[in-house]
Each structure stands twice: as structure tokens, then as C-alpha cells.
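Notes to accompany the following structure.
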Amino acid sequence: MSKLINWNSDWFSGNFKLFVDGLQKGAITFGIWKGSAEGVFEDQNYQFVNEGFWQSSTKVIDRKTNEVVAVINYDCWKSKALISLNSGEQYEWKATGIWKSQWTVSNYKDEHIMYHSSSNSGSISSDTDNELLIIAGLFIKQAYNRQAFLLMMCIVPVITTSTLRHH
């Protein structure tokens, strides 16, 4: 069964709202200074807790049971991530397209989720009802966006300082 979900985000906070048939069915809310987030979709509620200095991994906790239900490991050099569910199943998050405006979450067998973005909104086409995977795909995209922003914030002062010293 194919599911179509629309989303929009607030550029500054990175928070997402998810809509099915025009009705808001979920949201992802990020912490102000941390990359951790709270994700709600349909009747599921998850907390994403980053670990490591460059957020090399994220624990996904089911808020109803306080149980870790998945771990996300990032491969920053390849814009990929591996979502490992506690059931043993694994899914790959992968950015596609020249501007990274499309990405997928897939087990390369029977579950595939495609994401499309345009500015601060987009759509999700999913052939699975797994709410965790649907939310995780957006969370990972925002985690990479935050890493890119932090990297730019570190590089720009170095370049500016270097340029000013030579004049």
C-alpha cells in the first residue's frame, strides 16, 4: 500500500510538520542547541538522541516504553546512514540527486521510502507503514543539514581571518 505524506519545515528551527490528506498527522521538533529531537507520527512517539561530537550515531527511543528501538550510524563522507532496528533489520538512508533534494530509505527488498524536497517543503512516498522509518528519513536529512551548517560556521571565520591578514 503506497502512502503519500507532505511535509513542511521551519528553516530556522528545522522543525517539521507532516500531513496526510491535508491533516497534520505528525511533527519533528528539534532541541534548540542540541541535535536531539522528538518525533511524532500517527500514534507513534520517538525521541532521537545524538551521540558523539559530530553526531556519529543517534539512538531512537520509543517514548511509550523508553526502549531503544533503533540506532542510526552516519557515514558523513558519503551522505549515507544506516538505520539498525532492534529486530535486526537494517535500512540505508541515501541522498540522491545533484542538489541532495531527494533521498531514500530502503532495505533494498520490500520496503522503500522516497523523499523529495523543494525549499522548506516536500513529499514522502512510502510503500511501508513503518512510522519510525518515515520520521527517521527526515531526521537524518536535518542532521546532515546541521552538520553542514556547523562546518560552514567553523570554516568561514578561518577564511575571513586568513584573508584579512593578507591585506
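Quick one: in segment 1-19, which of the residues that are aliphatic (A, V, I, L, M) and open to solvent by less than 20 Å² (accessible area, probe 1.4 Å) is nearest to the chain's Cα centre (by Cα)? So that I can check it myself, show each step before the final result.
First, pick out the residues of segment 1-19 that are aliphatic (A, V, I, L, M): 1, 4-5, 18.
With the extra rule that they be open to solvent by less than 20 Å² (accessible area, probe 1.4 Å), the set shrinks to 5, 18.
Details: ILE5: 15, LEU18: 13 Å.
Result: LEU18.
If you scan segment 121-145, which residues turn out to be outside any loop (DSSP other than H, G, I, E, B) and without any contact (Cβ under 8 Å) to a residue 60 or more places away in the chain?
Here is the first cut: in segment 121-145, the ones outside any loop (DSSP other than H, G, I, E, B) are 121-126, 131-145.
Listed by number, the residues that qualify are LEU133, GLY137, LYS141.
Would you confirm whether any residue within segment 25-37 is open to solvent by less than 60 Å² (accessible area, probe 1.4 Å), among the charged types (D, E, K, R) and over 23 Å from SER121 (Cβ atoms)? Break it down stepwise before answering.
At the first step, the residues of segment 25-37 found to be open to solvent by less than 60 Å² (accessible area, probe 1.4 Å) are 26-28, 30-31, 35-37.
After this cut, where a residue has to be among the charged types (D, E, K, R) as well, the list is none.
Taking every residue of segment 25-37 in turn, none turns out to be open to solvent by less than 60 Å² (accessible area, probe 1.4 Å), among the charged types (D, E, K, R) and over 23 Å from SER121 (Cβ atoms).
In the set TYR74, TYR115, which member is touching a helix residue (DSSP H, G or I) at 6+ places or on another chain (Cβ under 8 Å), within 21 Å of LEU18 (Cβ to Cβ) and hydroxyl-bearing (Ser, Thr, Tyr)? Write out each step before concluding.
Numbers: TYR74 fails: within 21 Å of LEU18 (Cβ to Cβ).
Of the residues listed, the single one that is touching a helix residue (DSSP H, G or I) at 6+ places or on another chain (Cβ under 8 Å), within 21 Å of LEU18 (Cβ to Cβ) and hydroxyl-bearing (Ser, Thr, Tyr) is TYR115.
State which residue is surrounded by the fewest Cβ atoms within 10 Å (Cβ to Cβ) when the search covers only segment 88-117 and only residues that are at pLDDT 95 or above, within 18 Å of ALA143 (Cβ to Cβ) and of a type in the set (A, V, I, L, M).
ILE113
Determine the pairs where a residue that is in contact (Cβ under 8 Å) with a residue 60 or more places away in the chain, located within segment 15-31, has a partner that is open to solvent by less than 20 Å² (accessible area, probe 1.4 Å) and in a loop (DSSP other than H, G, I, E, B) with Cβ atoms under 6 Å apart, the partner being 6 or more residues away or on another chain.
PHE30/GLY14
Somewhere in segment 24-32, is a residue at pLDDT 95 or above and aromatic (Phe, Trp, Tyr)?
Within segment 24-32 (the criterion being at pLDDT 95 or above and aromatic (Phe, Trp, Tyr)), the answer is no, since none of the residues qualifies.
Got a number for residues in segment 62-87 being in contact (Cβ under 8 Å) with a residue 24 or more places away in the chain and open to solvent by 60 Å² or more (accessible area, probe 1.4 Å)?
Residues that pass the stated criteria total 2.
The values are calculated or read from the model by the stated rules, or taken from the named source; none is laboratory data. In this text the structure is predicted, and so the values were computed from the model without any measurement. Don't worry about glycine lacking a Cβ; one is built from the backbone with ideal geometry, like all the others, and counts go over all protein chains shown. We work out accessible area using only protein heavy atoms, side chains counted, and drop any ligands, DNA or RNA first. Shrake-Rupley method; radii C 1.70, N 1.55, O 1.52, S 1.80 Å.
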